[in-house]
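What follows is calculated from the coordinates using simple rules that are stated; it is not laboratory data. Note that the structure is predicted; figures quoted are calculated from it, not measured. Neighbour counts run over all protein chains shown; Cβ positions are idealised from the backbone, glycine included.
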Amino acid sequence: MTMPLNIRVSQSCLTAFKSTDTPITFLGSLVAKPAGLLAYIIDICITFYLFRTSPLRTSPDRHLLDKTIFDMSQSLALLPFPAEQLVSKLQLEEHFEGGFFKQTEALQKGDDLQATQIYYLLSEKSPRGRMHMNLNATFHIHHSGRSLYTLIKPPAGDEKVVVKRVIMGSNIDAGELLQLYVPGGWWKASEIPVEDLTNASEEEKERVGCLISEIVCPGWTIDQHKFLTKEKLQDMWQGESGWEEYQKYLRGMPVKEAK
């Protein structure tokens with residue numbers, strides 16, 4: 001498998017750094033070898049670009065859900081099979097957050113659970129996953145369909161709460177994501193976009209949904225998972241309004257409005 005350019009360049013710079021005694025010697029070796037200096041500059045540029053384009057930058061004005069960009073009213077992203085068939089074929093079970101899942105891998109080394117992997121499916125019958133937090137990082141990989149993710153970073157110190165809304169789907173021209181990384185400590189909820197639920201015909205509704213894989217590192221356990229409560233949601237807005245639109249994602253709230 002060919003490594004991405006930034007990984008290859010980073011590894012070459014890391015190798016050069018390890019072969020020298022001090023950072024000054026390392027920089028001197030780069031100047032003495034133009035190819036090494038060029039690789040180092042490219043690495044910095046690529047890293048900066050990836051940071052600027054990451055959907056989880058803390059800048060509140062980037063990668064928010066913009067209806068002029070994410071125009072889903074004219075198209076549908078359907079599952080390849082009816083959701084019930086996917087549940088049967090993949091042997092999925094109901095998830096306590098909402099949706100359906102099946103754990104497919106658990107990487108264990110001694111007593112350490114290093115990673116876990118699951119299928120996760122939202123469907124017309126279960127279109128929303130409740131707002132929750134994993135203390136460990138979660139990687140999402142899109143397979144088919146489309147889902148809207150609402151991500152909330154709790155404020156720290158004098159910071160204000162940060163809310164990100166992104167779409168996982170195959171229409172990359174419209175800004176949809178094939179992969180999504182959510183750091184540990186963020187609140188997360190997923191749902192089928194209202195446009196997909198309302199625009200689908202009766203025949204299409206059984207194929208409305210989203211199928212992804214999730215990988216949690218270190219591995220997922222119940223003790224590093226928690227649901228968001230109304231009190232914690234209000235506290236993140238520090239007495240200001242705005243939290244109200246997100247209480248529909250709380251556990252126990254009806255899902256009928258999503259349809």
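Projected label points at D158 and C217, each 7 Å from Cα along the beta carbon direction, are separated by 3.5 nanometres. Maximal additional length on extending the E202-E105 stretch stands at 31.4 nm, based on 0.36 nm per residue less the C-alpha distance. Sparsely packed loop sites in the range 187-253 (the GluC sites (Glu not before Pro) outside DSSP H, G, I, E and B with at most 15 other Cβ atoms within 10 Å) comprise E202, E203, E204, E240. Overall, the range 154-200 carries a charge dipole of about 180 debye about its Cα centre when +1 sits on the Cβ of Lys and Arg and -1 on the Cβ of Asp and Glu, all other atoms neutral.
Please list, ordered by chain and number, the residues whose modelled amide H lies under 5 Å from the amide H of A115; skip anything fewer than 5 residues away on the same chain. Counting only residues 5 or more places away or on other chains, the set is L107, G219. The Cα atoms of the range 83-258 give a gyration tensor whose axes a ≥ b ≥ c have a/c of 1.5 or more with a/b no greater than b/c, which makes the shape oblate. Treat each spin label as a single point 7 Å out from the Cα along the C-beta direction, and report the E245 to E93 distance in nm. Distance between the two pseudo-spin positions: 3.7 nm.
Taken one residue at a time, the phi angles of the range 96-101 give Karplus couplings (6.51, -1.76, 1.60, θ = phi - 60°) of 5, 7, x, x, 9, 8 Hz. Gly and Pro are set to x.
Less than 5 angstrom separates the built amide H of G184 from those of A137, T138, all sequence-distant by 5 or more or on a different chain. Near S144, the amide H atoms lying under 5 Å from its own belong to L211; only residues 5 or more places off or on other chains count, and H is placed 1.01 Å from N. The range 195-242 and the range 96-114 have Cα centres spaced 18 Å apart. The slack between Y181 and K232, meaning 0.36 nm per residue of separation minus the straight C-alpha distance, is 16.0 nm.
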